[in-house]
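All of the numbers you see were taken from the coordinates with simple rules; none came from a lab. Predicted, not measured: the structure shown is a model, and the values here were computed from it. FYI the Cβ positions are ideal-geometry reconstructions off the backbone, even for glycines, and counts take in every protein chain you see.
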Amino acid sequence: SILIVDFGSQVTQLIARRVREAGVYSEVAPFQSAAEAFERMRPAGVILSGGPASVTLENSPRAPQMLFDAGVPILGICYGQQVMSAQLGGNVVISGDGGEFGKAFVEVKQPCALFDGVWEQGERHQVWMSHGDKVDAIPPGFEPVAVSEGAPFAIVADEARRFYGVQFHPEVYHTPDGAKLIANFARNVCGLTGDWTMAEFRSAKIAEIREQVGSARVICGLSGGVDSAVAAVLIHEAIGDQLTCVFVDHGLLRAGEAEQVVGMFRGAYNIPLVHVDAEEQFLSGLAGVTDPEAKRKFIGRTFIDVFDAEAKKIGGAEFLAQGTLYPDVIESVSFTGGPSVTIKSHHNVGGLPERMNMKLVEPLRELFKDEVRELGRELGLPDIFVGRHPFPGPGLAIRIPGEVTKERCDILRKADAIYLEEIRNAGLYDAIWQAFAVLLPVRTVGVMGDGRTYDSVLALRAVTSVDGMTAEVFGFPGDFLPRVATRIVNEVRGVNRVVYDYTSKPPGTIEWE
Ligand code: XMP
C-alpha cells in the first residue's frame, strides 16, 4: 500500500484517486497522525501532499522524521517537496516573482526512475503549477532532473534513497501525464503489483463499518439518488438488518424514480425500508415560494423534520448513515480558511447529525462520483440505476423557476421523461454528464391546429463535466433537438415552446436555481 500524508491541499484525495486508478491501495492520513498510520500500514511508499502553508514559517506543518528513516520511497508534491527539502537539509524561499500558477512546462534534464518509461531526457511536458514558495537549495544527495521557467528544481531526485520531489501537481487533470507518473511511482518505484480493485475497497469498507458500528442500530436517509443508495447497500451488506432506510419522498422526483428505489430496496435487496410519502407536506409548504434560496432552505429543513419524525418512530439508532462523497466534503471547506461565498445552499441532509445527536457513518467519503458508480456496480446495483445522471437534493423544485405546484411538477416530469427517452434512444445518455428540462414561468403564444395557444416555455439543458464544478454545453447532432421539441410540444399539454440552454459553467451554473 501507499501512505498519503495530507498537508491540507484541496486535491489530496485526487492523489489517492490516481493511486487507486493504478490498482494500488492507499490511505490518506493527516500529517499529525502520519507516524501512527505508517506503523499500522507498513506501506511500500509514501506520498507527501501539497498544502496551503509556507515551509518558510516556523510553525508550519512538518512530516514525521521517521518517514525519511524508514527506507521506503517517498514522493513529495509541491508543499510535500518543499517540506522534504527543508527537513533533509535544503532550503525553501518565498518566490521573488510571486510564484507560478497555472499551466507551465518542464524540461527533462536527466533520466529518473520517477518518469522512467513515461518521459525521456530532452523532452518538454505540460504540467500544472500552483506555488508561492520554491526550493532554492536542494538537500545533500539530491539532483535536479527537470526544470521549469519558474522552478529550477521542478523535479528533484535522490535515486539512492528513492526520494523524489515535484514542484508541480501530477494529480490534477491539467498535468496530462500526471496519472502515469503517479502510477509509475506506485508500481515501478515502490514495486507494487497494481491488482487492487473496487472489490477490495468493498471488503475493506465492510470490515470498517462492522468495527465502527458494532451491534448498534443505523438509520440511513435515502434521497432517491445513487450515492445514498450505494451507501445503504454497502452498509446493509456489512450489518444486515441493524440498518433501516428511510426514503423521504418529497414528490419532487423524476418520473418513475420513487417506484424504482422502493422496488429495488424491498425487492432485490430485501433491505428494511420506510417509504414516507411527504409530497403534500412539501408542496403545501412551497406554495407561494419563488425565491430559489427560500425553496432550497425550506426543502432542506422539511427533509430533516420528516426524517427526524420517522427516526423517532423507529427509535434506538445510534448512527446516521449518509452517502457523502469527497466533492461534498471539499465544497464545504474553504481553501484559505476564510469564509467562502454561498452560491447555492446545497441540500445533503446537513444539519441532521447535530440535531439528532447521532454519530455518522459515511463510507463513501473518499470517493468521487464515478468511483461510487463503480462500487455500485460491484455491489450488483443495476447499470441503469448506477449510471443515472446526478439529480439535486431539492429535486424538480429548482427546475421550476417561480412557484412550484403539483400541476407544474407533472408537466415537467412528462417533458423531462420524453427528453431523456430520446437521449437514451439516440445512444447519447452516457456521453452526457447531466441532461434535464426546466419549466419556465414564461408563457408565449403559439398556434396548434387552427387554434391559438398561450402556454409555458420549456428549456432543455445538457452538459458535459468531469466533476460538476465546471461544465460545457453538450452539442447534439443537428436533427436531435428539433425532434425532441416537436415531441414535447405535441405530447405535453401546457408547453408550447422549447428552447436550448447554451451557457457553460462558469458563468452559468448547471441547475437554473
Ligand atoms: P450547480 O447548479 O451548482 O450544480 O452547477 C452542480 C451539480 O450539483 C448538483 N446540485 C445538487 N446536488 N444537492 C445535491 O445533492 C443540491 O442541493 C444540489 N444543487 C445542485 C447539480 O445537479 C449538478 O450536478
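A few comments on the model shown:
- In terms of surrounding Cβ atoms within a 10 Å radius of their Cβ, Ser148, Ser215, Ser54 rank from fewest to most as Ser215, Ser54, Ser148.
- Sorting Ser9, Ser284 from the fewest to the most surrounding beta carbons within 10 angstrom yields Ser284, Ser9.
- Only the Cβ atoms of Lys and Arg (+1) and of Asp and Glu (-1) were treated as charged; on that basis the dipole of the range 1-57 about its Cα centre amounts to roughly 160 debye.
- Percent antiparallel among DSSP beta bridges (both partners in the chain, rounded to 5): 50 percent
- The shape of the range 11-68 can be summarised by an equivalent ellipsoid whose semi-axes, obtained from the alpha carbon gyration tensor, come to 21, 15, 8 Å from longest to shortest.
- Put a dot 7 Å past the Cα of Ala426, heading toward its Cβ, do the same for Val93, and the two dots end up 5.8 nm apart.
- Computed on the Cα atoms alone, the convex hull of the range 110-254 gives a volume of 207 cubic angstrom per residue.
- Peptides 38-45, 310-317 ordered by packing proxy, namely the average of other Cβ atoms within 10 Å per residue, highest first: 38-45, 310-317.
- The share of Cα pairs per 10 Å bin across the range 39-109, counted from zero up to the longest distance, runs 16, 46, 29, 9, 0 percent.
- The chain - convex hull of alpha carbons, volume per residue in Å³: 165 Å³
- Put simply, when 285-291, 412-418 are sorted by average Cβ atoms within 10 angstrom per residue, most first, you get 412-418, 285-291.
- Relative contact order of the chain: 10 percent, from C-alpha pairs under 8 Å at least 6 residues apart in sequence.
- Taking each of Lys205/Lys359; Lys295/Lys414; Lys312/Lys406 in turn, the alpha-carbon distance tops 26 angstrom for Lys312/Lys406.
- Sorting 135-144, 166-175 by their mean Cβ neighbour count within 10 Å, with the most densely packed peptide first, gives 166-175, 135-144.
- Residue-by-residue Karplus 3J(HN,Hα) for the range 503-513, coefficients 6.51, -1.76, 1.60, Hz, glycine and proline x: 7, 8, 10, x, x, x, 9, 5, 6, 7, 9
- Positive-pole candidate from Val72, Phe480, Met84, dipole of the chain, charges at beta carbon: Phe480
- Cβ-based charge dipole, the chain, positive-most Cα from Val189, Gly316, His125: Gly316
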